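Below you'll find the structure, written out as structure tokens, and then a few comments.
None of the figures in this text is laboratory data; all of them are computed from the coordinates on show. Being a predicted model, the structure only gives us computed values, none of them experimental. Reconstructed Cβ throughout: ideal geometry from the backbone, glycine too, with neighbour counts over all protein chains shown.
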Amino acid sequence: MKLYDSIINETDLILQAGVCRHTPPDPARIWKDRKESELIMLRDAAFELGGSGHNSVNYTCVTTTPNLIPEDEIIVCGPDLPDIREDVPFARIILLETEDLMEQTDTEKAYRAIRDIEFIRYHVFPAGYMVRVSSTSNEEQVRVSRKVVNAGIRFAYVGGTYIRKYHTLPLVKHVRVIFVTDPATVAALLPYAEKVDSITKTLTHILDGLPTDCGHCKMKSVCDEVEGMREMHLGKKRD
Ligand code: SF4
């Protein structure tokens, strides 16, 4: 599936323009996942990522293109958690290499796979790191407790928590987790969340059994723009 590839490539270009640090996940330093949400009171918080009206954005892209996401990796652009002193803009982006969902003859299985990937987006709970994701606005705020900042939490460790969770899905091959706190880079990434959302919604509608009359379809603008979407639905060619 290559529906998200142009967004993955454009995200890469934006990151290349900034100063980003790349690290592989360290299995010995994966931050604890609490398995359920944790309430952190404002008085116990060191700062909020995406808080105080700062920009925030969150999106997830899937690809099957070889070597686009060749390995598990964490990328951090901007100050890391130990260096943040106040609320900052924030982006968290997940890029996944998976088995080809569309080549699965079982549509129900492909549909479930998309749902499972979406589910994980809202169900990772790093300790002392209270995530609030908005499914309607694609924003993500994170309240980070003073306690875990003092304990040495870093994005690389939290990234390890996300990577481990995504690997619980058998179809996931590689995971790239990107954390951005650099204001200019966050601002540049903002428009992509909406595009990703449109593609994912169209995809789930297609798997849902959407009729194939393009002339009367509300997804037409997405299919006009995203290479491979129309062919996938009408079955002329597989990505
Ligand atoms: S291919 Fe046509 S019918 Fe299918 S989702 Fe796109 S516009 Fe709608």
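Quick look at the values:
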item: Farthest toward positive dipole pole in the chain [+1 Lys/Arg, -1 Asp/Glu at C-beta], among A188, I153, N67; result: I153
item: For segment 5-234: relative contact order, % (alpha-carbon pairs under 8 angstrom, 6 or more apart); result: 31 percent
item: Linear extension gain, S134 paired with S37, 0.36 nm per residue minus alpha-carbon span; result: 33.5 nm
item: Residues F125, F90, sorted so that the one with the fewest Cβ neighbours within 10 Å comes first; result: F125, F90
item: Unsatisfied cross-links (Cα-Cα over 23 Å) in the set K147/K173; K195/K220; K35/K109; result: K147/K173; K35/K109
item: Span from the segment 10-29 Cα centroid across to the segment 40-54 one, whole angstrom; result: 24 Å
item: Relative exposure of D213, D100, D182, judged by other C-beta atoms within 10 Å (fewest first); result: D213, D100, D182
item: Nearby aspartates and glutamates by direct alpha-carbon distance to K201 (threshold 13 angstrom, same-chain neighbours under 8 apart not counted); result: E118
item: At most 15 other Cβ within 10 Å, DSSP loop - trypsin sites (Lys or Arg not before Pro), segment 13-84; result: K32, R34, K35
item: Charge dipole magnitude, Cβ of K and R +1, D and E -1 - the chain, Cα centre, debye nearest 20; result: 620 debye
item: Distance from segment 157-203 to segment 63-130 (C-alpha centre basis), Å; result: 4 Å
item: Proportion of all alpha-carbon pairs of segment 1-80 beyond 21 Å (%); result: 50 percent
item: Unpaired by the 4.7 Å Cβ criterion, cysteines found in the chain; result: C61, C214, C217, C223
item: Beta bridges by DSSP in the chain, antiparallel share as percent, to the nearest 5; result: 60 percent
item: Pairwise FRET efficiency - L234 versus D80, Cβ, R0 = 45 Å, nearest 0.05; result: 0.45
item: Quarter of the Cα convex hull surface for segment 18-142, i.e. its orientation-mean projected area (nm²); result: 9.6 nm²
item: Solvent-free Debye scattering, log10 I(q)/I(0), computed from the Cα coordinates of the chain at q = 0.10 Å⁻¹; result: -0.47
item: With eigenvalues of the C-alpha gyration tensor scaled by 5 and rooted, segment 97-239, Å; result: 33, 18, 13
item: GluC sites (Glu not before Pro) lying in DSSP loop within segment 159-227, provided at most 16 other Cβ fall within 10 Å; result: E227
